[in-house]
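Student: Structure below; questions to follow.
Read-outs throughout are calculated quantities, based only on the coordinates presented, and are distinct from any laboratory measurement. Since this is a predicted model, take the numbers as computed values, not measurements. Backbone-built Cβ (ideal geometry, glycine too); neighbour counts: all protein chains shown.
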Amino acid sequence: MHVFVPPHPGPVAATELLKSDIGLVTILGLLIAIPTWYVTSYLFGLWIGKRIDVKVPTSCRADRRPVPSKTHRSPPPSSCCCCCRS
């Protein structure tokens, strides 16, 4: 989204080069950026998230037990990153 809206250098440079109004560029950039984000990030994330199942390695799990086979997904434990191992 930042590539469409000032103060990112691209839109600011284009605005200055074309002698445009920075407020108008900001409004038009938001009108393009928000729907683009919604479709390409949020909706795509929901769609692809249903199709890809990534198993968490047992070394990264807080309880270090093997993951049981389930038909539904449960949320990961709150300390599931490898850097939090004790």
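Student: Restricting the search to segment 21-45, which residues are under 12 Å from the mean Cα position of the chain (by Cα) and surrounded by 12 or more Cβ atoms within 10 Å (Cβ to Cβ)?
Tutor: Trp37
Student: Follow-up. Take segment 22-42 and flag every residue that is in contact (Cβ under 8 Å) with a residue 24 or more places away in the chain and of a type in the set (Phe, Trp, Tyr).
Tutor: Result: Trp37, single match.
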